[in-house]
Amino acid sequence: PIDIALAPVVDSLPPEIPVDGGVLSAIVWSLRLRYWSWRVDDYTGPTPEVRLFVSYYNPALTPRLSHSAGLRKGMIGVIKVFASRQHVARNNVVITHELLHTLGASDHYDLKTNLPNYPEGYADPGLQPRFPQKRAEIMAGRIPISADRAIIPPGLSRTVVGSKTAAEINWR
């Protein structure tokens, strides 16, 4: 039960997400983001509960993107994706992941290795043998194919909402 409406293009960029700045830096960034969002919001439709700001980057000029973020407090997402037809399906995975953060879902992967946490980060934690998995749990963001390797799902059709994520967003 989600209605999605596209707002006009925003001409300014949101504040950059801090990297290794600590708790105080994250708090300051969150406040700056909320202020920026309020200032640039000129959407004339119904008042949104969640605001997602998606920035598109040319993969030829920017082959690696910095982190995206979704904030439950403020219900704002800042999402960075690639602007190419071949990335549309994967972009949808990133956008959905950040949307679910705004609804209360937590990450289900190791922040240092990007590997899914077992069992909550596995789409099929009971699979025997455990690897390779065929799908990704959406909040893990990757399909575990071995104990030390995981790949980005090619699209939403290869993701699931696991039981922990469903509980976190009150989707039962």
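How do 40-47, 121-128, 107-114 rank on mean C-beta neighbours within 10 Å, highest first?
Order by mean packing, descending: 121-128, 107-114, 40-47.
What is the angle, in °, between the Cα long axis of helix 88-102 and the longest principal axis of the Cα atoms in the chain? Nearest 10 is fine, range 0 to 90.
Between the helix axis and the principal axis of the chain, the angle is about 80 degrees.
Using the C-alpha atoms of segment 95-172, what convex hull volume per residue, in cubic angstrom, is computed? Numbers along the way, then the final one.
Values: hull volume 6.4 nm³, N = 78.
Convex hull volume per residue, Cα atoms: 82 Å³.
Helix 22-40 versus the longest principal axis of the chain: what angle, 0 to 90°, nearest 10, using Cα atoms?
It works out to around 50 degrees.
Of the heavy-atom accessible surface of segment 69-163 (probe 1.4 angstrom), what whole percent is carbon and sulfur? Mind dumping the intermediate values first?
Working: 2560 of 4800 Å².
Percent of accessible area from carbon and sulfur atoms in segment 69-163: 53.
With only Lys, Arg, Asp and Glu charged, each at its Cβ (+1 for the first two, -1 for the last two), find how big the charge dipole of segment 36-172 is about the Cα centre; round to the nearest 20 debye. Provide the component values of the computation, followed by the final result.
Working: 17 positive and 11 negative charges, 62 e Å.
Using Cβ point charges on Lys, Arg, Asp and Glu, segment 36-172 gives about 300 debye.
In square nanometres, what is the average projected area of the Cα convex hull of segment 1-72? It would help to have the intermediate numbers written out before the result.
Numbers: hull surface 25.3 nm².
Projected over every direction and averaged, the Cα hull of segment 1-72 covers 6.3 nm².
Please report the orientation-averaged projected area of segment 43-138, defined via the convex hull of its C-alpha atoms, in nm².
So the mean shadow area of the Cα hull is 8.1 nm².
Taking every pair of alpha-carbon atoms in the chain, give the share separated by more than 25 Å as a whole percent.
Pairs farther apart than 25 Å: 36 percent.
Please find, in a Gaussian network model of the chain (springs between Cα atoms separated by less than 10 Å), the residue of Ser68, Ser25, Ser106 whose mean-square fluctuation is greatest.
Ser25
If each DSSP helix of 4+ residues adds -39,500 (n - 2.57) and the sum is divided by the residues in the chain, what number results at 222 nm, nearest 500 deg cm²/dmol? Don't skip to the answer; put the middle values down first.
Details: 3 runs with 40 residues, N = 172.
For the chain, the value works out to -7500 deg cm²/dmol.
What number comes out for accessible area per residue over segment 19-172 if the probe is 1.4 Å? Units Å², please.
Counting only protein heavy atoms, the per-residue value for segment 19-172 is 61 Å².
The values are calculated or read from the model by the stated rules, or taken from the named source; none is laboratory data. Since the model is a prediction, treat every value here as computed from it, not as a measurement. Please note: Cβ atoms are built from the backbone with ideal geometry, for glycine as well, and neighbour counts cover all protein chains shown. These accessible areas exclude ligands, DNA and RNA; they are computed on the full protein's heavy atoms, side chains included. Shrake-Rupley method; radii C 1.70, N 1.55, O 1.52, S 1.80 Å.
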